[in-house]
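In what follows, a single structure is set out as structure tokens and then discussed.
The values are calculated or read from the model by the stated rules, or taken from the named source; none is laboratory data. Being a predicted model, the structure only gives us computed values, none of them experimental. Note: ideal-geometry Cβ built from the backbone for every residue, glycine included; neighbour counts use all protein chains shown.
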Amino acid sequence: MPKLLQDLWSSQVATRPDGIAVCWKDEMIPFGELDRVANQLAHTLRGHGCQFGDRVAVLIPSSANALLAILGILKAGCVAVPIDVTAPAAQVIELLNDCRPAMILAARFARSLLDELFCNDYLPFRVGTLEALPIEGDYFATEFTGLCILRESPETPACGATTHAPALLFCRRGDLACGVSDPASQPVFQALVSAPHRPTVVSHAEVLAFLATRPGLRLTESDRVAGLPLHSPLAVAEAFASLAAGAELHIVPPDLLGRPRQLARFVRAQEITEWLTNHGSLSEVIQSSEIRDGDLPSLKHLLWSGRALSASALRQLTQQLPLTQFARLVTGTDVKFGGQFSVVTSLSEFERFLVAEPQPALVSV
């Protein structure tokens with residue numbers, strides 16, 4: 001049994017180092033390379049003063065670099081803080097002020113946002129990038145680049161993290177409230193949830209337990225997975241599920257979000273077998289009429305989070321995608337990570353669920 005999230009793909013690295021782990025546009029990253037670069041980033045963070053338990057913010061749009069950043073931070077024994085760089089600048093700045101990261105890993109996309117952060121107040125934030133060239137703003141400059149990272153050791157560092165992680169641990173405006181008995185427990189990553197300024201902290205054990213609750217939605221090495229942007233807890237959990245199974249993780253380009261026809265075409269072209277989306281995006285895809293009867297023959301699992309679909313929308317999907325299994329992820333409240341997988345076993349059964357709203361008799365975290 002893996003004890004840390006970074007243990008999930010170690011068997012793939014050992015047995016299938018050339019197997020494709022991540023697909024990003026035209027780039028395909030094997031498991032061996034993914035693990036090597038994550039190790040090198042971990043050594044870089046350590047070399048620039050990041051210590052066990054420090055928070056490291058990720059200001060990188062959803063991409064292969066965003067995933068590498070999260071993996072490297074975990075391997076350094078630090079807390080990854082994925083942040084939506086498309087959120088309003090004032091909200092991002094306030095979140096950074098609240099969580100006080102020891103380091104910010106940024107993309108060039110975040111240059112103006114960082115300038116706004118640094119010009120208003122002198123804050124002891126340090127910045128690095130995974131990009132080849134440095135990022136220089138009017139008020140900041142990056143300490144290291146992707147070329148610096150690649151000069152570091154490819155060996156796995158001793159991260160010092162514990163698997164005895166808290167079940168519930170939250171950060172409100174920078175103040176941690178922890179109701180656990182193990183003071184050595186460490187959070188794994190923080191992600192902005194629906195309520196602004198109320199990050200939820202998720203532990204190694206909590207994510208591992210959540211992944212173990214997937215009811216019959218098994219992934220294998222032949223699967224091709226697409227998920228939500230990599231700044232939400234569910235998206236990161238889905239990425240770990242893909243890595244653990246040895247599947248290919250196809251990161252959806254951010255410019256496809258909000259463009260339902262293009263998003264459906266991406267799922268079709270990449271022959272995605274498991275697709276994690278949300279109620280809003282899925283509703284837009286249904287309304288776009290892009291999906292046709294008998295479409296997406298490769299799609300085995302369609303998971304969505306958020307509200308239940310209407311009976312008519314679900315009926316339309318089941319008719320168009322007869323080979324697909326549907327499951328709604330009823331997420332927990334903002335005081336809890338995870339939720340319940342509500343698997344659609346039959347349309348009539350699900351329609352009764354919509355009317356009666358019983359408690360789903362399914363595994364929850």
Name, by its number, the condition in (1) free of Cβ contacts under 8 Å to residues at least 12 places away in the same chain; (2) crowded, with 19+ Cβ neighbours inside 10 Å; (3) hydrophobic (A, V, I, L, M, F, W, C) that does not hold for L74. (1)
Here is a check on your reading of the model: is A80 assigned to a helix (DSSP H, G or I), assigned by TED's automatic domain parsing to the domain that holds L150 and under 18 Å from the mean Cα position of the chain (by Cα)? no
Quick check: is even one residue across the range 149-160 over 17 Å from N39 (Cβ atoms) and either modelled with pLDDT of 70 or more or within 24 Å of the chain's Cα centre (by Cα) (or both)? no
Sole exception among (1) surrounded by 17 or more Cβ atoms within 10 Å (Cβ to Cβ); (2) part of a helix (DSSP H, G or I) for P101, by number: (2)
Answer residue from the range 117-157, given it is among the hydroxyl-bearing types (S, T, Y) and out of contact with any His (no Cβ under 9 Å at 6 or more places or on another chain) and is surrounded by the fewest Cβ atoms within 10 Å (Cβ to Cβ) among those: Y122
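Just to be sure before I move on: is D18 outside the structural domain of F140 (by TED's automatic domain parsing) and more than 21 Å from the chain's Cα centre (by Cα) in the structure I sent? Show your work before the answer.
Numbers: outside the structural domain of F140 (by TED's automatic domain parsing): yes; more than 21 Å from the chain's Cα centre (by Cα): yes.
Yes; evaluated as a whole, the condition is true for this residue.
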(1) more than 29 Å from S242 (Cα to Cα); (2) part of a helix (DSSP H, G or I): which one isn't true of P124, the others all being true? (2)
I need the full set of residues from the range 83-113 which are in contact with a strand residue (DSSP E or B) (Cβ under 6 Å, 6 or more places away or on another chain), under 14 Å from P61 (Cβ atoms) and at pLDDT 90 or above, in order please. L105, A106, A110
A careful count of residues in the range 250-272 that are among the small types (G, A, S) and crowded, with 17+ Cβ neighbours inside 10 Å gives 1
Looking at the range 29-39 only, could you name the residues that are without any contact (Cβ under 8 Å) to a residue 24 or more places away in the chain and either part of a strand (DSSP E or B) or among the basic types (K, R) (or both)? P30
